Each structure stands twice: as C-alpha cells, then as structure tokens.
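To start, the structure under review is shown below, and the notes come after it.
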Amino acid sequence: MNAFVIAFNRTFRIGWRHPLDSLNPMAFFIIVTSLISITFEGGSLATGDGLAIAVLWVVLLLSTMMASGGAYAQDYEDGSLEQVIAQNQSLYVSVHGSVAARWFLCAVPIVALVPLGAWMLNIDTEVWWILFITLIPGSIVFTLFGVLGATLTLGVGRNGVLLALLVLPLYVPVLLLGVGACQRSANQEPFEFALIGILAIAMGAITFLPFAIAALLRVSQEY
C-alpha cells in the first residue's frame, strides 16, 4: 500500500480515537471568538478598520497551533516512527499523508466554524467568501508549520511554549497577506496580489516543508 495512504489512515485513526485533540481547538476557537465579541461594544469590531478580520485570523492561527502540538508524539512514544524509518519507506510521502490527515481532522473543522466566528465578530457577509478562499491555504500553511515545530521539539516534554517560540515568526507572512487580502476586499480594493502570495506560500510549504519534517524525524531517531 502507498506510504501516503498508510500514514493518512494511521493518523486519521489515531485522531478519531482521541476526539479531544480535534474538539479542544474547536472549543478554543469558539470560546475566544465569543469572549472577544462580547468584550467590545457593537460597531467597535467593524469590518472597515479590519480589526475583526485580524482577530479571526489570529484566533484560527492559535487554534491550529494547538491542534498541531501533538504531531508524531504517539508514533515517537510507541516506536512506530522508528519502524517506519527502519523499513526505509518514503518518509517524504509518509509525512504528506500524516499532515493531510491532521489537516482534515483539526484545521478543516475550525475553518468550517469561520461563518460562526465572522457572525459573532460582526463581519459583513460579503467578506465571508474571501475569508474562506484565504483561510483554506492559510490553514494548510499553519498546519505544516505547526507540525514542523512539533517535530523540532519531539521528545521534549511540555513543549507548548517552545513550539510557540519556534514557529510563530514563520506565520507572520501568511498572516499579513491573509488579513491584508480580506481587508482590501472589504474596502473594495484590489486584493489579487495578496491572494496569489498566500497561494504561492502554500504551494511552497506543501512542496518543501515535508522534506524538513522528514529530516527532523530521522534525526529524532538517531542515538
């Protein structure tokens, strides 16, 4: 069986058996968004100044980070990761499968909650479509960077703070382009450059980051 399918099925089964790994980031997204929405008076999160859009992006970023923090932790602990490397399978393809499953399990449900978050933050419905278009590739990049950070700290207990310090700077370009594209669309300004930038970063991340993740996984198994 293809290494992609094997890794996808294994990661998906693990996530399905541990639903809290997906539900906790979703609950975090809803709770934080609702708390922010009730903190400000009506109209203070208007779309015109872009604050609501920026808040939505940041909350989704943090939720995705939370969902990616445990990537490969169980494989590392039970020895499955060592077996995959020892069998000389295509680790690059296997990483793609694992990240794809994690994106479907954790990031897609959060993106599906975007209309609820946009409604709570009083974002104009005309901007929702550009939010979806930018958040889908943005969530892919967030997931890949999150898995990269989790792999860097693999084997280090309680790595949440270290993970944040390592990967947060990597999120900045996508965050700026995504918020900028949505704000420009809301203000009836050209946003194609920012959208193309997000898509280009997503394609580059999908192509190259699994190489780095695979290399870090091999390093984690060296004694």
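The values are calculated or read from the model by the stated rules, or taken from the named source; none is laboratory data. Treat the numbers as computed from the prediction; the structure is a model and nothing was measured. Counting neighbours? That spans all protein chains shown, and the Cβs are built from the backbone with ideal geometry, glycine included. For the accessible areas, the whole protein counts, side chains as well, though only heavy atoms, and no ligand, DNA or RNA atoms are used. Shrake-Rupley method; radii C 1.70, N 1.55, O 1.52, S 1.80 Å.
Listed conditions (1) modelled with pLDDT under 85; (2) more than 15 Å from the chain's Cα centre (by Cα) are all met by residue 164, apart from (2). Residue count for the stretch 1-31 satisfying the condition of being of a type in the set (Gly, Ala, Ser) and free of Cβ contacts under 8 Å to residues at least 60 places away in the same chain: 1.
Considering only residues of the stretch 2-17 that are within 17 Å of residue 110 (Cα to Cα) and open to solvent by 30 Å² or more (accessible area, probe 1.4 Å), which is modelled with the lowest pLDDT? Can you show your working first?
Step one: list which residues in the stretch 2-17 are within 17 Å of residue 110 (Cα to Cα), which gives 12, 15-16.
From what is left, the residues that are open to solvent by 30 Å² or more (accessible area, probe 1.4 Å) are 12, 16.
Details: 12: 84, 16: 79.
In this case the residue turns out to be 16.
Here is the figure for the stretch 181-223: residues that are among the aromatic types (Phe, Trp, Tyr) and either under 19 Å from the mean Cα position of the chain (by Cα) or buried (at least 16 other Cβ atoms within 10 Å of the Cβ) (or both) total 3. Which of the residues spanning the stretch 112-122 are in a helix (DSSP H, G or I) and either open to solvent by less than 10 Å² (accessible area, probe 1.4 Å) or of a type in the set (Asp, Glu) (or both)? Those that are in a helix (DSSP H, G or I) and either open to solvent by less than 10 Å² (accessible area, probe 1.4 Å) or of a type in the set (Asp, Glu) (or both): 114, 117, 118. Just one residue in the set 107, 27, 100 is open to solvent by 20 Å² or more (accessible area, probe 1.4 Å), at pLDDT 85 or above and closer than 19 Å to residue 202 by Cα; that residue is 100. All conditions but one from (1) out of contact with any helix residue (DSSP H, G or I) (no Cβ under 9 Å at 6 or more places or on another chain); (2) more than 18 Å from residue 136 (Cβ to Cβ) apply to residue 207; the one that does not is (2).
If I filter the stretch 47-69 down to residues being modelled with pLDDT under 80 and within 23 Å of residue 185 (Cβ to Cβ), which single residue comes out as least open to solvent (accessible area, probe 1.4 Å)? Result: 50.
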